[in-house]
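Engineer: Just dropping this structure here.
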Amino acid sequence: MLKSKKTQHISQLILVIGAAIVINMIAINWFFRVDLTSEKRYTLADNTKYFLKDLEEVVYVKVYLHGDLNVGFKNLSRATNELLDEFRVYAGSNIEYSFIDPMEGSKKEQKERLSEMESLGMAPQQVFEAGEDGRNTRTLVYPFAVVYYNGKQLPINLLENVQGFSGSENLNKSLETLEYKFVDAFRRITSDEKMRIAFLEGHDELDELDVLDITDQLSQNYEVDRGVLGDDPNILSPYKAVIIAKPQERFSELDKYILDQYLMNGGRIMWLVDAVNITVDSLRKSGEAVGILSDINISDQLFKYGVRINPVIVQDIQAGMIPVSIAKPGQQPSIVPAPWLYSPLLIPQPNHSITRNLNVVTSEFVSTIDTVNNDLDLERSVLLRSSRYSKVDQVPVYITLALVNQKPDRREFTQSFLPTAIAQKGVFKSIFENRLKPNNINSDLPILTSSKPTKMIVVADGDIIKNKVRFKGTNPKVLPLGFDEMTNTTFGNKDFIVNAVNYLCDDEGWMNLRSRSYTLRMLDKSKVSEQSFYWKLFNLIAPIFFLALIASLVFYYRKINYKK
């Protein structure tokens, strides 16, 4: 009898061990995870999974968001760690990573590490916090990662810093974009070929210096060319997207035909067009100028594509600054910043992948946009709008710098959220649908009257893409796109253009990762301040109480059980 029980126990043990081995073998090759969050924040996109599974070589990541961090940055660091862990589930040993405290090691090691980080453009983020004693403390945080692959390296800024958002909101936005930032970096660094994009020339568009900063930025992802159209209708075929940056001369019918057929064949175009001819430079020379209609012969073409840029100029209470001299005649020059209502700070729309989590975008003499031809099979999205308090001036419009001395009457600014940039996706109709080809076209191909599914972006301001250039003698100094010297602020212009080009060139839906939204569940700071002692005491006593209660119940159960 005893032997029988012993044999039975051994058999059960063998079965348990065997079952554990089988379950582990199954788990190695098959797994599942349950994401119970309403926004599915722990679920990777299908595109991400397929991409990670197809990695053929090791991608190594160094994360510098480590060390003595506050609660918000610790959450960002932990989320980064969890994301990379999730990546390894699909990529296996082809994803390796380490977390490094920039301030660890000897002073020499710290200096070398910080110097290397600085060379990659990774400047520390200053964090100010109020302690319980009321004193403010300042710490430096390095919210960066560097991706290494086959001798190449690519830095990633993990922190979103949207103007007007609180620290908690910016950290939450950073969590939303983590997957996109890492996957985008992986795709860029592992890709051997770059898509080709082109800046159009031949119509007095912005020159190379005017767009040098954004060209350098786009060159990290794309092969960027510049050139005129000529008479070859297929000249744009090698390019995924074409950027038309502030043209000021008329388009010939031949140019319009080449652009039209490029679009019909699935090409993507970003138009950055001024409807009114006026510049700040012309104002500075004489102090006054007249804005007139800029007729460059593309209004009918844009109208056919479903867009009309209105010949107006927007004034906005939410505006950028302009340098103004306040010195009296005979005194030393004194330059101060003053609000300039003709430089609206445009509001990015949070529901589109291009403009989500984007800073306001500075503009100059921007117009409004209307959508037309509603029978077109197009999906339309407004990207940028004016603020709640804005108005428009009809052309011709007289503008003088003396306006900076006048206090705007908010009651006159009755128009709200005027659209200034639009994205369209779908099937477009050709402007040459019922027209003859231009006489000088070098092609026998028939006119395509309906496009393949494609995309287009129209911005009613050519200066959004223009960086400022300062000359010392003959040496030009190019300022970063969107940087305002008067306020030492960097606006969202560069990110807007980069995201717009990425959107135009994206056929696989990678930009949708930027649209992820996480609900921000914030603590009530007043309650935390008033009830902090209570909750500390509760968290200290409650575990001890529950342990004592469980021990008492076990003791009582054993006493009753053994008494029987």
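The values are calculated or read from the model by the stated rules, or taken from the named source; none is laboratory data. Since we're looking at a predicted model, the values are computed, not measured. Methodologically, a virtual Cβ is constructed for each residue, glycine included, from the backbone with ideal geometry; neighbour enumeration extends over all protein chains shown.
Engineer: Please work out which residue is farthest from the chain's Cα centre (by Cα), limiting yourself to segment 425-460 and to residues that are over 16 Å from K256 (Cβ atoms) and basic (K, R).
Structural biologist: Residue satisfying both the conditions and the ranking: K452.
Engineer: Considering only strands (runs of 3 or more DSSP E) fully contained in segment 356-404, which possess at least 2 residues that are in contact with a Ser or Thr (Cβ under 9 Å, 6 or more places away or on another chain)?
Structural biologist: Correct list: 377-385, 390-394.
Engineer: Just a yes or no: is a residue in segment 547-554 assigned to a helix (DSSP H, G or I), at pLDDT below 80 and out of contact with any Phe, Trp or Tyr (no Cβ under 9 Å at 6 or more places or on another chain)?
Structural biologist: There is no residue in segment 547-554 that is assigned to a helix (DSSP H, G or I), at pLDDT below 80 and out of contact with any Phe, Trp or Tyr (no Cβ under 9 Å at 6 or more places or on another chain).
Engineer: How do the strands (runs of 3 or more DSSP E) wholly within segment 208-291 filter down when requiring 2 or more residues that are aliphatic (A, V, I, L, M): which remain?
Structural biologist: Per the criteria, 241-245, 268-272.
Engineer: Next question. Which one of the conditions (1) among the aliphatic types (A, V, I, L, M); (2) under 30 Å from D377 (Cβ atoms); (3) modelled with pLDDT under 85 does L401 fail to meet, given that it meets all the rest?
Structural biologist: Tallying (1) among the aliphatic types (A, V, I, L, M); (2) under 30 Å from D377 (Cβ atoms); (3) modelled with pLDDT under 85, L401 fails exactly one: (2).
Engineer: Something else: Taking segment 284-301 only, how many residues are crowded, with 20+ Cβ neighbours inside 10 Å, under 25 Å from M321 (Cβ atoms) and among the aliphatic types (A, V, I, L, M)?
Structural biologist: Matching residues across segment 284-301 total 1.
Engineer: Then there is this: I want to confirm something. Restricting to segment 127-148 and keeping residues that are among the aromatic types (F, W, Y) and surrounded by 10 or more Cβ atoms within 10 Å (Cβ to Cβ), which single residue is modelled with the highest pLDDT? Before you say what the answer is, go through the steps one by one.
Structural biologist: Keep residues of segment 127-148 that are among the aromatic types (F, W, Y), which gives 128, 142, 144, 148.
Checking the rest, the ones that are also surrounded by 10 or more Cβ atoms within 10 Å (Cβ to Cβ) come to 142, 144, 148.
Details: Y142: 87, F144: 90, Y148: 93.
Ranking the qualifying residues of segment 127-148, first place goes to Y148.
Engineer: Run down E179, E118, E96 and say which single residue is under 19 Å from the mean Cα position of the chain (by Cα) and either surrounded by 14 or more Cβ atoms within 10 Å (Cβ to Cβ) or of a type in the set (D, E) (or both). Quick ask: steps written out before the conclusion?
Structural biologist: Working: E118 fails: under 19 Å from the mean Cα position of the chain (by Cα); E96 fails: under 19 Å from the mean Cα position of the chain (by Cα).
Every option except E179 fails the conditions.
Engineer: Can I ask one more? The conditions are (1) surrounded by 11 or more Cβ atoms within 10 Å (Cβ to Cβ); (2) at pLDDT below 80, and V63 fails exactly one of them. Which is it?
Structural biologist: Against the list (1) surrounded by 11 or more Cβ atoms within 10 Å (Cβ to Cβ); (2) at pLDDT below 80, V63 comes up short only on (2).
Engineer: Can you spot a residue in segment 405-420 that is among the β-branched types (V, I, T), more than 30 Å from P233 (Cα to Cα) and within 23 Å of the chain's Cα centre (by Cα)? Before the answer, list the steps.
Structural biologist: Narrowing segment 405-420 to residues among the β-branched types (V, I, T): 414, 420.
Next cut, more than 30 Å from P233 (Cα to Cα) only: 414, 420.
Still in the list and also within 23 Å of the chain's Cα centre (by Cα): 420.
Among the residues of segment 405-420, at least one is among the β-branched types (V, I, T), more than 30 Å from P233 (Cα to Cα) and within 23 Å of the chain's Cα centre (by Cα), which makes the answer yes.
Engineer: Still on this model: Report, by residue number, each residue of segment 82-93 that is surrounded by 15 or more Cβ atoms within 10 Å (Cβ to Cβ), of a type outside the set (S, T, Y) and touching a residue at least 40 places away in the same chain (Cβ under 8 Å).
Structural biologist: Listed by number, the residues that qualify are L83, L84, E86, F87.
Engineer: Tell me, please, whether a residue that is charged (D, E, K, R) and either buried (at least 19 other Cβ atoms within 10 Å of the Cβ) or touching an Asp or Glu at 6+ places or on another chain (Cβ under 6 Å) (or both) can be found in segment 370-386. Show your work before the answer.
Structural biologist: Going residue by residue through segment 370-386, those that are charged (D, E, K, R) are 370, 375, 377, 379-380, 385.
Filter again for either buried (at least 19 other Cβ atoms within 10 Å of the Cβ) or touching an Asp or Glu at 6+ places or on another chain (Cβ under 6 Å) (or both), leaving 385.
For segment 370-386, residues charged (D, E, K, R) and either buried (at least 19 other Cβ atoms within 10 Å of the Cβ) or touching an Asp or Glu at 6+ places or on another chain (Cβ under 6 Å) (or both): present.
Engineer: Which residue is nearest to P344 (Cα to Cα), if the candidates are limited to segment 404-426 and must be of a type in the set (V, I, T) and modelled with pLDDT of 95 or more?
Structural biologist: Keep residues of segment 404-426 that are of a type in the set (V, I, T), which gives 404, 414, 420, 422.
Applying the additional criterion that residues be modelled with pLDDT of 95 or more yields 420, 422.
Values: T420: 10, I422: 17 Å.
Out of the qualifying residues, it is T420.
Engineer: Of the residues R250, R268, which is among the basic types (K, R) and within 30 Å of the chain's Cα centre (by Cα)?
Structural biologist: That would be R268, the only listed residue that is among the basic types (K, R) and within 30 Å of the chain's Cα centre (by Cα).
Engineer: In this structure, is A327 small (G, A, S), modelled with pLDDT of 90 or more and over 19 Å from V498 (Cβ atoms)?
Structural biologist: no
Engineer: Among the strands (runs of 3 or more DSSP E) confined wholly to segment 101-198, which include 2 or more residues that are touching a helix residue (DSSP H, G or I) at 6+ places or on another chain (Cβ under 7 Å)?
Structural biologist: Answer list for segment 101-198: 144-149, 152-157.
Engineer: Enumerate the strands (runs of 3 or more DSSP E) found wholly within segment 410-527, keeping only those where 1 or more residues are farther than 30 Å from L378 by Cβ and not acidic (D, E).
Structural biologist: Output list reads 469-472, 475-478.
Engineer: Still on this structure, please answer the following. Keeping to segment 402-415, report how many residues are surrounded by 11 or more Cβ atoms within 10 Å (Cβ to Cβ), closer than 14 Å to A319 by Cβ and either in contact with a Gly (Cβ under 8 Å, 6 or more places away or on another chain) or polar (S, T, N, Q) (or both).
Structural biologist: Residues that pass the stated criteria total 0.
Engineer: Quick one: V498 ticks every box in (1) out of contact with any strand residue (DSSP E or B) (no Cβ under 8 Å at 6 or more places or on another chain); (2) without any contact (Cβ under 8 Å) to a residue 40 or more places away in the chain; (3) buried (at least 17 other Cβ atoms within 10 Å of the Cβ); (4) of a type outside the set (G, A, S) except a single one, so which number is it?
Structural biologist: (2)
Engineer: Pick out the one residue from K472, K452 that is among the basic types (K, R) and either surrounded by 11 or more Cβ atoms within 10 Å (Cβ to Cβ) or modelled with pLDDT of 90 or more (or both).
Structural biologist: K452
Engineer: Follow-up. Within segment 239-256, is there a residue that is touching a Pro at 6+ places or on another chain (Cβ under 7 Å) and acidic (D, E)? Lay out the reasoning, then the answer.
Structural biologist: If we filter segment 239-256 for residues that are touching a Pro at 6+ places or on another chain (Cβ under 7 Å), which is where we start, we get 253-254.
Among the residues that remain, those that are also acidic (D, E) are: 253.
So far as segment 239-256 goes, yes, one or more of its residues are touching a Pro at 6+ places or on another chain (Cβ under 7 Å) and acidic (D, E).
Engineer: All but one of (1) at pLDDT 85 or above; (2) touching a strand residue (DSSP E or B) at 6+ places or on another chain (Cβ under 6 Å); (3) buried (at least 16 other Cβ atoms within 10 Å of the Cβ) hold for P124; which doesn't?
Structural biologist: Failed condition: (1).
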